[in-house]
Amino acid sequence: MSEKPTIEVYKKNIEDGNFKAYKCVGCGCIIAPPSGTCYGCGGTKMEWAKVSGKGNLVSFTVIHIAPDEFQEETPYYVAIVELEEGTRVSARLLGVDPLKPKEVKLGIPLKLDYEKGKSGHTYLAFRPA
Ligand SMILES: [Zn+2]
């Protein structure tokens, strides 16, 4: 794809189950979530980049009290995932029991997935690889 990446398309790609990150044209740095400026070189020219979908778990929390739109989905995990490409995204964490967060180990390998929420939205998600 050659069109300039936008946050709207970034979100639509997730809804479509086709997650892509930004890639800085200047230095090749992979960026997600979208930013207008490269974290690496400060450049502003971006293109789409496919990612491997591999990452590992950096941090997580369990949401029990959510905004109305998501309340039916509680409890659920929100995790910080470091992608193999070196950038960090927040995503739902699937495949682990939200009532047993002490059993979840930081650093575990994860793979990209998606979750269709009761709100009707599809979320970026990861599950243990
Ligand atoms: Zn850059």
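Tabulated results
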{"read-out": "Inter-site label distance for SER52 and LYS4 at 7 Å from Cα along Cβ, in nm", "value": "3.2 nm"}
{"read-out": "Pairwise centroid distance, computed over Cα atoms, of the range 65-112 with the range 114-129, Å", "value": "10 Å"}
{"read-out": "Over the chain - Rg/Rh using Cα atoms and the Kirkwood inverse-distance radius", "value": "0.99"}
{"read-out": "The range 7-49: relative contact order as a whole-number percent, Cα under 8 Å and 6+ apart", "value": "36 percent"}
{"read-out": "Mean Cβ neighbour count within 10 Å, used as a protection proxy, ranking 103-111, 72-80 highest first", "value": "72-80, 103-111"}
{"read-out": "Solvent-accessible area per residue, Å², over the range 7-49 with all protein chains present [probe radius 1.4 Å]", "value": "51 Å²"}
{"read-out": "Solvent-accessible heavy-atom area per residue, rounded to whole Å², over the range 54-128 at 1.4 Å", "value": "57 Å²"}
{"read-out": "Residue (of THR61, CYS41, LEU112) at the positive-pole extreme of the chain, dipole from beta-carbon charges", "value": "CYS41"}
{"read-out": "Relative contact order for the chain, counting Cα pairs under 8 Å that sit 6 or more residues apart, in percent", "value": "22 percent"}
{"read-out": "Check: the range 54-128 dipole with +1 on Lys, Arg Cβ and -1 on Asp, Glu Cβ, in debye", "value": "260 debye"}
{"read-out": "Cβ-placed point charges (K, R +1; D, E -1), dipole of the chain about Cα centre in debye, nearest 20", "value": "360 debye"}
{"read-out": "Too-long pairs where the Cα-Cα distance tops 31 Å, listed order kept, from LYS11/LYS54; LYS12/LYS102; LYS20/LYS118", "value": "LYS12/LYS102"}
{"read-out": "Carbon + sulfur, % of accessible area of the range 7-49 - ligands and nucleic acids excluded, 1.4 Å", "value": "53 percent"}
{"read-out": "DSSP bridge pairs, the chain: antiparallel proportion in percent, nearest 5", "value": "95 percent"}
{"read-out": "Residue-by-residue Karplus 3J(HN,Hα) for the range 120-126, coefficients 6.51, -1.76, 1.60, Hz, glycine and proline x", "value": "x, 8, 9, 9, 5, 8, 9"}
{"read-out": "Estimated inter-spin distance, ASP97 and LYS118, nm [label 7 Å along Cα→Cβ]", "value": "2.0 nm"}
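The values are calculated or read from the model by the stated rules, or taken from the named source; none is laboratory data. Being a predicted model, the structure only gives us computed values, none of them experimental. Don't worry about glycine lacking a Cβ; one is built from the backbone with ideal geometry, like all the others, and counts go over all protein chains shown. Side chains are part of the model used for accessible areas, which takes the heavy atoms of the whole protein and leaves out ligands, DNA and RNA. Shrake-Rupley method; radii C 1.70, N 1.55, O 1.52, S 1.80 Å.
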